[in-house]
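Right, one structure below, let's go through it.
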Amino acid sequence: MDMNAYLSMFIDESNDHLQSLNENLLRLESAPEDLSIVQVIFRSAHTLKGMSATMGFEDLASLTHEMENVLDLVRNNKLKMDGFIFDTLFKGLDALEAMVQDVVGGGTGKADVSHIVASLKAIVSGDYKTAASAAGAPVGAGTGNAVNAGGAEAGGMELDQFQFSVIQQSMETGHHVFHINVKVREDCMLKAARAYMVFELLERSGEVVKSEPSVQEIEQEKFDRSFSLYLITQKPMDELKVQIENVSEIESAQLTLLDEESLSLLSKPSRPEPAAARREGDGKPAADDNKPRAGAAPQAAGGAVTKTIRVDIERLDVLMNLFSELLIDRVRLEQLASEIRRGDLTETVEHMARVSGDLQNIVLKLRMVPVESVFNRFPRMIRDLAKTLDKKVDLVITGAETELDRTVIDEIGDPLVHLLRNSIDHGIETADKRRQSGKPETGTVNLRAFHSGNNVFIEIGDDGGGINRERVLATAVKNGVVTAEQGKTMSDEEVYMLLFAPGFSTAEKISDISGRGVGLDVVKSKINSLGGAVSVQSQLGKGTVFSIQLPLTLSIISAMLIKLGSEKFAIPLSSIMETTIVRREQIHHIHGNRMIEFRGAIIPVVSLSRLLESPDFDESQETETEAVIIRKGDKWAAVMVDDFIGQSDIVLKPLGNYLNGTAAVSGATILGDGQVALIINPNALIK
């Protein structure tokens, strides 16, 4: 049997199952006792294992099998979920996704997952100590969630649930557990290097369970002269003490043996709630009961089943291109029928226009994809980020069913990732700072999508510290983005938009979390290339909202056709508020800018002929001129034109590099008479 014929189906269904596993594992982390979620996860893992084995991807099948063994114990109440098990299962999911992506790229789907398999087998056998070692966890960094006040503590160091159980089991099996405090000499020049030598020595003698400060902080020399750790070993205390103090530039080593009495003083810690992701309508993470989530799809099939079919996206692209050509011919036929004025021809063309209009709606809907396909990636990302930054974050997703053109969906993923990372890193404060500000410890990030006219808006809002205007302005002046004099006259919104200037970053330290020292200019340039716009609103101490405006589709749009002399242009209707006539005496000159009063507001006048250097039209010679009122967010402008032709559906054609440097032009279209008309980008006309 030729498996290549089924490869596409395998990839699609594998991605669906992996997404389901990620989502449900996040739900289970918020409700570890809910066995109904475990059943859903187990079924997805079991199906994925069978598919992988059938297709001959043995590494995929074997890893999924080991994950299935763990889940089987959990669903039969033989194993309780904890932080270490969750982390190991998430690592397994990451490895599965990497292997599927390798298959997508034409690879064999093979990968070295022996360390994850060893961890999973150790969980099944109950040997947690082996599991920690096999998982490759950083020595002393811990593998579970850190406990709060009331957790296990000894020698000034807090232990999480997993570390406590490791020490307890080790003492029961006859191992020694030492609390060791190491002090380096005051004149030591390379403290991190000496600490590394101590850790290397101790790892040869046993297993380091926990260190204070953490291993990462010690490597970065973020400690004064001493550091502490727990060591499980068979070696005697005196021998260890001599070996440590023999390391160059180590001043002293104090070792304390933990016995059953000191162990009894350590109470088993309670596990804190993890960062959770929820949909609006849940009210809170479903950790308190076993009720299904509000708005969740029912498990039992009760209603009518929608029949679907998978279609290769390239076929949809071909269909759209063919329909685009049909649309151009339809407009041409309508023009010819109006010139010939023959009744039966006009009637036939009108009927064809109605049918092709219905066909157009169907073709466009075929290309529409819910933003849920992008949003579903973010709960897992937020969970991992919150854990990395030691913050508590709740992601609330609203409007995931909102639909966008596939070409737009493919492009917005990276900008949204950047903005979400920015909100978690720079927006949401640490739990301590939030408590001091009188806020809940858990910060909230809202990801919202909704339709408005011919546009889709996506908002990323947080209840963090907000944007500090003075800090942004000072950085902008320092980097030469604006002058100090310009900054004094700028509104808050204008200052916030400086965040999108090329190379702008307020980060005191470059990190891999959000900016990487690059800033948000990549977000703005990507959104602008899609014909969209981005804006910012913020309140210091209250939070920030980034709003992205995107067109519904990039293929076929409704536009107003206008003339400039002998040339024709198209302006998207989604940006036009209304049309009007402007008389010469209505135009005022304010600070060198031409302005008109329109509906109680003063708005700028844009000369399209000057901007596009049109030689055969100059509105300054006219006593009155037609104008199009366009809007970008809450900003308005009047665009002066020669004459209106009318409204029409147009097909967007890219220009390539021909007019790449002209921001006012976003593309071209072919009109019914065969002429080419340039498409104006209204967002570029309003600064």
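Within segment 289-339, being among the charged types (D, E, K, R), modelled with pLDDT under 50 and surrounded by 10 or more Cβ atoms within 10 Å (Cβ to Cβ) holds for 291, 293. For segment 441-465, residues that are in contact with a Lys or Arg (Cβ under 9 Å, 6 or more places away or on another chain), modelled with pLDDT of 90 or more and within 16 Å of residue 535 (Cβ to Cβ) total 4.
Scanning segment 474-482 finds no residues that are surrounded by 20 or more Cβ atoms within 10 Å (Cβ to Cβ), out of contact with any helix residue (DSSP H, G or I) (no Cβ under 6 Å at 6 or more places or on another chain) and modelled with pLDDT of 80 or more.
Residues in segment 440-455 that are buried (at least 20 other Cβ atoms within 10 Å of the Cβ) and under 14 Å from residue 542 (Cα atoms): 443, 445.
Determine whether segment 350-370 contains at least one residue that is free of Cβ contacts under 8 Å to residues at least 12 places away in the same chain and within 16 Å of the chain's Cα centre (by Cα). No - not one qualifying residue is present in segment 350-370. Considering segment 417-428, the residues that are without any contact (Cβ under 8 Å) to a residue 60 or more places away in the chain and surrounded by 20 or more Cβ atoms within 10 Å (Cβ to Cβ) include one that is nearest to residue 395 (Cα to Cα), namely 420.
Residues that are in contact (Cβ under 8 Å) with a residue 12 or more places away in the chain, basic (Lys, Arg), surrounded by fewer than 21 Cβ atoms within 10 Å (Cβ to Cβ) and part of a helix (DSSP H, G or I): does segment 77-85 have at least one? No, segment 77-85 contains no residue that is in contact (Cβ under 8 Å) with a residue 12 or more places away in the chain, basic (Lys, Arg), surrounded by fewer than 21 Cβ atoms within 10 Å (Cβ to Cβ) and part of a helix (DSSP H, G or I). Only a single criterion out of (1) assigned to a helix (DSSP H, G or I); (2) within 28 Å of the chain's Cα centre (by Cα) is not satisfied by residue 32, namely (1). Considering only residues that are of a type in the set (Val, Ile, Thr) and over 28 Å from residue 200 (Cβ atoms), look in segment 124-150 and name the one that is modelled with the highest pLDDT. That would be 124.
Taking residue 96 as the residue in question, decide whether it is assigned to a helix (DSSP H, G or I), modelled with pLDDT of 85 or more and closer than 17 Å to residue 113 by Cβ. Here the answer is yes, as residue 96 does meet what is asked.
Being touching a strand residue (DSSP E or B) at 6+ places or on another chain (Cβ under 9 Å) and loosely packed, with under 15 Cβ neighbours inside 10 Å narrows it down to one residue among 547, 558; which is it? Residue meeting the stated conditions: 558.
Conditions (1) at pLDDT 85 or above; (2) surrounded by fewer than 23 Cβ atoms within 10 Å (Cβ to Cβ); (3) under 17 Å from residue 123 (Cβ atoms), marked per residue:
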| residue | (1), (2), (3) |
| --- | --- |
| 26 | yes, no, no |
| 36 | yes, yes, no |
| 39 | yes, yes, no |
| 42 | yes, yes, yes |
| 45 | yes, no, yes |
| 48 | yes, no, no |
| 52 | no, no, no |
| 56 | no, yes, no |
| 63 | yes, no, yes |
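For segment 84-92, the condition of being within 21 Å of residue 117 (Cβ to Cβ), at pLDDT 85 or above and basic (Lys, Arg) holds for at least one residue. Remark: pairs (first residue in segment 233-244, surrounded by fewer than 16 Cβ atoms within 10 Å (Cβ to Cβ); second residue assigned to a helix (DSSP H, G or I); Cβ separation under 6 Å; 6+ apart in sequence or on different chains) = 235/205.
Taking segment 327-421 as the region of interest, the strands (runs of 3 or more DSSP E) fully inside it that hold 1 or more residues being farther than 27 Å from residue 551 by Cα are 393-398.
The values are calculated or read from the model by the stated rules, or taken from the named source; none is laboratory data. Since this is a predicted model, take the numbers as computed values, not measurements. Quick reminder, even Gly has a Cβ in these numbers, built from the backbone with ideal geometry, and neighbours come from all protein chains shown.
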